[in-house]
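Please treat every number below as a calculation from the coordinates, not as lab data. Bear in mind that the values here come from a model prediction, so they are computed numbers and not experimental data. Methodologically, a virtual Cβ is constructed for each residue, glycine included, from the backbone with ideal geometry; neighbour enumeration extends over all protein chains shown.
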Protein chains: 2
Amino acid sequence: MYDRIKGFRDFYPREMQSRQQVIETVESTARGYGFRPIGTPALEQAKMYADKSGEEILDELYAFEDRGGREVALTPELTPTVARMVVARQQELSKPIKWVSTRPFWRYEEPQQGRFREFYQTNVDIFGTSDPAADAEILAVAGDALSNLGLTGEDFEFHVSHRDILGGLLEGFDADVDTTAAIRAVDKRAKVDRDEYFELLESAGLSDSQAAEFDDLLGTPEADLDDLVAFAGTDRVAAAVANLQAVLAATESFGVREYCTLSLTTARGLDYYTGTVFECFDSTGEVSRAVFGGGRYDDLIEGFGGQPTPAVGFAPGYATLSLLCQRAGVWPEETLQTDYYVLQVGDTQSVAATVARELRERGHVVESDVSGRSFGAQLEYADSINAETVVIVGERDLENGEVTLRDMESGEQTQVAIDEFPGANTRPTVANFEN
Amino acid sequence: MYDRIKGFRDFYPREMQSRQQVIETVESTARGYGFRPIGTPALEQAKMYADKSGEEILDELYAFEDRGGREVALTPELTPTVARMVVARQQELSKPIKWVSTRPFWRYEEPQQGRFREFYQTNVDIFGTSDPAADAEILAVAGDALSNLGLTGEDFEFHVSHRDILGGLLEGFDADVDTTAAIRAVDKRAKVDRDEYFELLESAGLSDSQAAEFDDLLGTPEADLDDLVAFAGTDRVAAAVANLQAVLAATESFGVREYCTLSLTTARGLDYYTGTVFECFDSTGEVSRAVFGGGRYDDLIEGFGGQPTPAVGFAPGYATLSLLCQRAGVWPEETLQTDYYVLQVGDTQSVAATVARELRERGHVVESDVSGRSFGAQLEYADSINAETVVIVGERDLENGEVTLRDMESGEQTQVAIDEFPGANTRPTVANFEN
């Protein structure tokens, strides 16, 4: 009778369980590094986005006037919100501020494979340090999260670049270059055809030959980074190259160097990045877009009226990360997990409820009949929820002080004394991803 | 520079950690009963709410027209959404369907203590069984969740009532009664003054004396429930009373009878309830409103175009539940938890990163310097994040193959061989609520 809204999704239990397992793996990796969970609103003032990106951004958002006449928008990303939160408490928060959160965001865009109007991201950010170790820690959390999901260096790679190298090189051309537009062009390099890409560079102010030369420079391999310093001859490029080299060196300490490849053609779409930027790609190319990305945004907090506060972060989105996990065969199996089904035969609700309660107190997932069903219907249901063991609580068995345990895989049945069950039968912690 | 929107909240790490601990306790209680997590959209068609409650409900919602001309609303509650989801897959879902989820909802209401425009709820629902055991299981999940939070029968009570008893009694009066309006009046009984309450009953169609008689009947104690059957003399009231008695008897099996008190003046505000309804109250009355509530809504799925599917559920909201936990002194302490801070002295980033990594692999929360700070500044930061142990990785110690462990509570320091640390030092699972 009612339809779901286009671009929005319902997650039923089997799929949801796998999604939660993946999200929990990413979040717990970040929590292990001391990133602290925060909670943020779904609505913000629309001008928070319009001020940064122009009024036209509002066409891509769910922006509207609320009943109190406020121009508001469903948050399309977290970064402006966390910037606002840092500014609001900048005096009392001890630095570095390390935050993590997972929640939905919303954009009014045309849905396609791996893109929805409502999409989930985990945001991981460090505020208050410009040290290359912070950039490396972000790359380490990203790398560890993917390893913890079962992915390896054969599955993914991080394309690492630096906004200030791009900006510094552009500055070196004898032309009036719109740096923001030129960097946006670089971000589109792999997404549009070659002619369109060069047109974008030229409309950003580069001549035909300058655009070609700039594009050549973007192919510089890591070993030749110092050539860029010589080419530009500016402190800005020298500092940017040294910074990028320091970040890459620090990733060695953090154990994630192997995932990182220099790729100056990686620029990231958002304007606020200032230093290191990176994107994670599927090594096989089967997932054709970047799986996720991140980078340094040292000017944003000041732009939000705060004290100068360097920042770096990344934000895996689960639409593309799911595609990578599925491609690599590590997406968690979408089956329900149930430890026990307590089956009632005759008027045994009270004993069955007690058995179920004792099993739950030992950490198990336990269902029992709440429908007044027959033996056969209960057994069928126990099978449908993938119960490992069925505890049959029957009137006759109870007269002998016993219950029957049925192993659902083998079908084997054993009688146990009710006084001795469940006993010390605690659940091994590894059996559930939440543990 | 930018303000948060009125009625919306930011949660910083200390408060968020406590909130997540409370939410996880409630959710894991439900998961123990076999309720399966689902994920649901933040936006639905506005008419899903308007059809049920009239166009005027939209004034209390964040309803707007999206860029594609759709009339949409930020979801004010979950029940219509789960009803839509059940209808969409009613053939393939095995019954009973048991779902749980926690997420924010939104209403454009005046904020007050314990009420926000963005608020979080856990929804716990069973679809596909009208057996009293299902109602009792919902009460059991509610009771166990509160016990697991550290609350006792001294702290809270469940006021249990039955919509069909109220409806059946109203039907028994020789008057043209608007049952929905009369039940709404009962729901307002404790919130408005006595005159206003009786005016509401009278405008629902009862005479002066009928209203007084009806209100008297609502005071019937549990032992005298059969008097209501005699008074009404209808099968409807007889069946409703028998059903409520069966639910209360089943709560005995489920171990939560002690929390339940009959209270026919409990009606719940939402129109869709059909059978058992209940509200949880602070026993001390300090939290003056209902902490949360729930009940049976057997007609909703059919009203959404599905096959007749009975349903029962409850939905604790964390604004009021927090008030109850705080009043009872069981709100989790709002302090950060950090197992280790790995302090770098001199050029020891690589060793420190390795130590930190090995500790994290053992399940610990570990931070290390990402700001290039001095010994003193690092120690101060370790203190600010409440680190239990500081591992001092110094150049000179390393020459001897050692690191220093500093217990932050006692200040005691010990040297350990780097080869033997962290060793088998795994974290006890009880130390973190997620485990």
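Nearest 10 degrees is fine. How inclined is helix B:349-361 to the longest principal axis of chain B, computing both from alpha carbons? That works out to roughly 40 degrees.
Between B:Glu202 and A:Leu336, the FRET efficiency estimated from the beta carbon spacing at R0 = 51 angstrom works out to 0.45. Per the rotation superposing chains B and A, the chain B residue found at the smallest beta carbon distance from the axis is B:Phe64, 2, distance in Å.
Placing a label point 7 Å from Cα along the Cα-to-Cβ direction at A:Ala417 gives distances to the equivalent points in the other copies of 4.9 nm, listed shortest first.
Just want the ordering: A:Ser161, A:Ser207, B:Ser209, from fewest to most Cβ atoms lying within 10 Å of their own Cβ. Provide the component values of the computation, followed by the final result.
Details: A:Ser161 24, A:Ser207 13, B:Ser209 9.
So the residues, fewest neighbours to most, are B:Ser209, A:Ser207, A:Ser161.
Modelled this way, with points 7 Å down the Cα-to-C-beta line, the labels at B:Arg396 and A:Phe231 are 4.8 nm from one another. Once you reduce region A:14-59 and region A:312-347 to the center of their Cα atoms, the two points are 20 Å from each other. For chain B, a crude dipole built from +1 on the beta carbon of Lys and Arg and -1 on the beta carbon of Asp and Glu, taken about the Cα centre, is about 1180 debye to the nearest 20.
Calculated FRET efficiency, A:Glu420 to B:Glu252, Cβ-Cβ distance, R0 = 25 Å: about 0.50 to the nearest 0.05.
For the protein assembly as shown, give the share of DSSP beta bridges that are antiparallel, in percent and rounded to the nearest 5; count only bridges with both residues there. Before the final figure, lay out the partial values.
Numbers: 92 of 122 bridges.
DSSP beta bridges in the protein assembly as shown are roughly 75 percent antiparallel.
Measuring between their Cα centroids, region A:90-124 and region B:121-200 lie 38 Å from each other. Pairs from the list A:Lys188/B:Lys6; B:Lys47/B:Lys98; A:Lys52/B:Lys47 with a Cα-Cα gap above 28 Å: A:Lys188/B:Lys6; A:Lys52/B:Lys47. Under the criterion of Cα pairs below 8 Å and six or more residues apart, the relative contact order for region A:338-431 equals 32 percent. Between 0 and 90 degrees, the angle of helix A:235-253 with respect to the longest Cα principal axis of chain A falls at about 30 degrees. Peptide A:82-95 has a mean of 3 when you count, residue by residue, the C-beta atoms of other protein chains within 10 Å of its C-beta.
Provide the net charge surrounding A:Ile418, with neighbours chosen by a C-beta distance below 9 Å and charges set as Lys +1, Arg +1, Asp -1, Glu -1. Write down the numbers at each step before the final one.
Numbers: positive: none; negative: A:Asp397, A:Glu402, A:Asp419, A:Glu420.
Net charge in that neighbourhood comes out at -4.
The Stokes-Einstein estimate for chain A, based on a Kirkwood radius over Cα pairs and taken at 10 °C with 1.306 mPa s viscosity, is a diffusion coefficient of 63 µm²/s.
Given Cα pairs under 8 Å that are at least 6 residues apart, what percent is the relative contact order of chain A? Display every interim value, and only then the final one.
On the way: 729 pairs, mean separation 69.0, N = 435.
The value is 16 percent.
Within the straight-line cut-off of under 16 Å between alpha carbons, the aspartates and glutamates reachable from A:Lys95 are A:Asp125, A:Asp131, A:Asp135, A:Glu137, A:Asp298, A:Glu302, B:Glu367, B:Asp369, B:Glu380, B:Asp383, sequence neighbours fewer than 8 places apart in one chain being disregarded. The angle between the Cα long axis of helix A:79-88 and the main principal axis of chain A comes to about 90°, on a 0 to 90 degree scale.
What is the order of B:Ile126, B:Ile385, B:Ile301, fewest Cβ neighbours within 10 Å to most?
On the way: B:Ile126 27, B:Ile385 18, B:Ile301 22.
In increasing order of surrounding Cβ atoms, one gets B:Ile385, B:Ile301, B:Ile126.
Please give the FRET efficiency for B:Asp3 paired with A:Ala181, using the beta carbon to beta carbon distance and R0 = 45 Å, rounded to the nearest 0.05. My answer for the efficiency is 0.90.
If you take each beta carbon of peptide A:9-15 and count the beta carbons of other chains within 10 angstrom, what is the mean? If you can, show how the numbers build up before the last one.
Values: counts 3, 10, 7, 11, 10, 1, 2.
Average neighbour count from other chains, rounded to a whole number: 6.
DSSP finds beta bridges in chain B, and of those with both partners inside it, around 75 percent are antiparallel. Taking all Cα-Cα distances within the protein assembly as shown, those exceeding 48 Å account for 29%.
Could you name the aspartates and glutamates whose alpha carbon sits less than 16 Å from that of B:Lys191, not counting residues in the same chain fewer than 8 places away? Qualifying aspartates and glutamates at Cα under 16 Å: B:Glu199, B:Asp215, B:Glu279, B:Asp282, B:Glu286.
At most 11 other Cβ atoms within 10 Å plus a DSSP loop assignment makes a site exposed; report the longest stretch of chain A without any exposed GluC sites (Glu not before Pro). By the stated rule (loop sites, at most 11 other Cβ atoms within 10 Å), A:155-285. Its alpha carbons give region A:1-108 an Rg and a Dmax of 16.8, 53 Å.
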